[in-house]
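To start, the structure under review is shown below, and the notes come after it.
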Amino acid sequence: AFAVSVVSEGAEDETELPVLQKSEKSRTISKIGRELKGIVFVIQSQSNSFHSKRAEDLKRDILKQAVGLGKELPTVLLIHQIDRHEGAWTILPLMRDFSVTYGRNSSWIFFCEEDTRIQVVKLLETLRRFDKSKEWFLGKALYDEESTIIHHYAFAENPTVFKFPDFAAGWALSIPLVNKLAKKLKSEPLKSDFTIDLKHEIALYIWQKGEGPHLTPVPEFCTDDVNSYKVDHCATTFSNFLPLCGEPVNKEDVFVAVKTCRKFHGDRIPVVKQTWEREAALIEYYSDYADISIPTIDLGVPNTDRGHCGKTFAILERFLNHTSPRTPWLVVVDDDTLISIFRLRKLLSCYDPNEPVFLGERYGYGLGTGGYSYITGGGGMVFSRAAVQKLLASKCRCYSMDAPDDMVLGMCFSGLGIPITHSPLFHQARPMDYPKDYLSHQIPVSFHKHWNIDPVKVYFTWLAPNTEESHNGKKVGYSREDL
């Protein structure tokens, strides 16, 4: 009898064990589902067709991973689809909406770019380490090695002390912090000012001169390529490549306009000729003086010390009326812009020239109170012919000849409902003005300014095409010194 009872007890244990395992598994799935439902994913998307498709692909990937983890699905938002006003891309104006909509039932708002790749399970594991009832600002930390103009020379004594997030790796705010920011924004509306480097300005706003949280660095938020041997621990990775959507556009499809003036003919134009001019099939130099040795074209617009709106609009008129209608792209650069036309031709393969495209590095003005976005001129402004046609068919023009051309263009396109298309590969400043870690996952298209650098050396270090890149389009290892 004893033997039988032992056997029967053993049999009972064996039949119960799978039930316990199933129960444990269902509890785990339920827990993961609740955690997932507590995350609001916000993709920093754009309305241009190329970019919106990439963002939709990322949304699908996040939801596909979530379906495999249980019935509960997270919320995935695309910034350009919740764009109730021009400034949604600057994110802070959305905090009150986030707080009202998700402030009670969510735990985290997780932001990422369209090329960020997310391992959802590892992201959940990572966020679990942080008490969601406290104020957290999480991300991959960047910092300035020296104070820089693009950050208004902030923390000049020791800029390395202030950390700000690399958006490419993804970054997260706990809901208590979102609620706090929303409350502050209600009582103190955002100032009507410039947005130049959003990631730095958001970190400054959250920090509140020491009263708010610093960024907490999270090693699992990565910008290594998904195929790198380093990414085993990563919850996020980044597709760090120059987009190529088929064959690069033909050389003859890109018309380059260089803005210059007589006083810079002797020092800036020779740099262009030593560096990137050879990459351009169609290029003209526009000045206040016709110099046949360059040659420059005098548009009949006097040089101004401030903005160059009159000159730029004259260039747009000339492009529309005096170049082949089969040339779909116009690039307007300053005489101290360093640019890779070779890489730009690859990038432009991803854009439809039949759409009104206005492409470059995006800045903002007065976005807390309506304002507008614009492409900052020094990094290069790229227009599709369709965009130039729509602009010049409108009545929007310079309010003065010396108005800032890039800002007037932003105002005009905003009024026409034509979105600015941002690419982080264009740069208004020099390589030394950006964190090295930020540039390490880029294949840049342009830099700007010749201050305290050897511009020829900067071009050949950062921008010049070489044999390997020319043949297979892959990123190559440059010897990038402290330039």
Quick tally, 1.4 Å probe accessible area for Cys396, Cys245, sorted with the most first, runs Cys245, Cys396
Here the percent of antiparallel bridges among DSSP beta bridges lying wholly in the stretch 33-238, to the nearest 5, is 50 percent
Rounded to the nearest 10 Å², the 1.4 Å probe accessible area of Tyr205 is 40 Å²
Note to self: with every protein chain in place and a 1.4 Å probe, the stretch 251-464 gives an accessible area per residue in Å² of 36 Å²
Once normalised by the length of the chain, the mean sequence separation of its alpha carbon contacts under 8 Å that are 6 or more apart gives a contact order in percent of 14 percent
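Just want to confirm a number: the relative contact order over the stretch 33-238, from Cα pairs under 8 angstrom separated by 6+ residues, in percent.
Relative contact order for the stretch 33-238 comes out at 23 percent.
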Expected unfolding gain across Arg34-Glu188 under the 0.36 nm per residue rule, minus the alpha-carbon gap, is 52.0 nm
Taking Cα atoms only, helix 175-187 is inclined relative to the longest principal axis of the chain by an angle, in degrees rounded to 10, of 50 degrees
The Cα radius of gyration of the stretch 251-464, divided by 2.2 N^0.38 Å with N its residue count, comes to 0.96
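By DSSP, what percent of the beta bridges with both residues in the chain are antiparallel, rounded to the nearest 5? Present the calculation step by step, with values, prior to reporting the outcome.
Working: 27 of 55 bridges.
The answer is about 50 percent antiparallel.
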With label points set 7 Å from each Cα along the Cα-to-Cβ direction at Thr461 and Gln274, the distance between them in nm comes to 1.5 nm
Per-residue ellipticity at 222 nm attributable to helices in the chain (runs of n ≥ 4 DSSP H, -39500 (n - 2.57) apiece, nearest 500 deg cm²/dmol) works out to -10000 deg cm²/dmol
Residue separation between Thr323 and Phe241 times 0.36 nm, minus their alpha-carbon distance, gives in nm 26.3 nm
Rounded to one decimal in nm, the spacing of the 7 Å Cα→Cβ label points at Lys263 and Leu416 is 3.2 nm
By the rule of no other cysteine beta carbon under 4.7 Å, the lone cysteines of the chain are Cys112, Cys261
With all protein chains present, the stretch 33-238 has a carbon and sulfur share of its accessible area (1.4 Å probe) in percent of 51 percent
Counting only DSSP beta bridges with both partners in the stretch 251-464, the antiparallel fraction in percent, to the nearest 5, comes to 45 percent
Quick calc: nm separation of the 7 Å Cα→Cβ label points for Lys209 and Ser293 -> 5.5 nm
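Please compute the per residue accessible area over the stretch 148-210 with all protein chains in place, 1.4 Å probe, rounded to a whole number of Å².
About 45 Å² of surface per residue is accessible.
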Length gained, Arg104-Asn158, 0.36 nm per residue minus C-alpha separation, equals 15.5 nm
From the Cα centre of the stretch 327-356 to that of the stretch 60-77, the distance in Å is 37 Å
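The values are calculated or read from the model by the stated rules, or taken from the named source; none is laboratory data. Computed from a predicted model, the values in this text were never measured in an experiment. Cβ: placed from backbone, ideal geometry, glycine included. Neighbour counts: every protein chain shown. We work out accessible area using only protein heavy atoms, side chains counted, and drop any ligands, DNA or RNA first. Shrake-Rupley method; radii C 1.70, N 1.55, O 1.52, S 1.80 Å.
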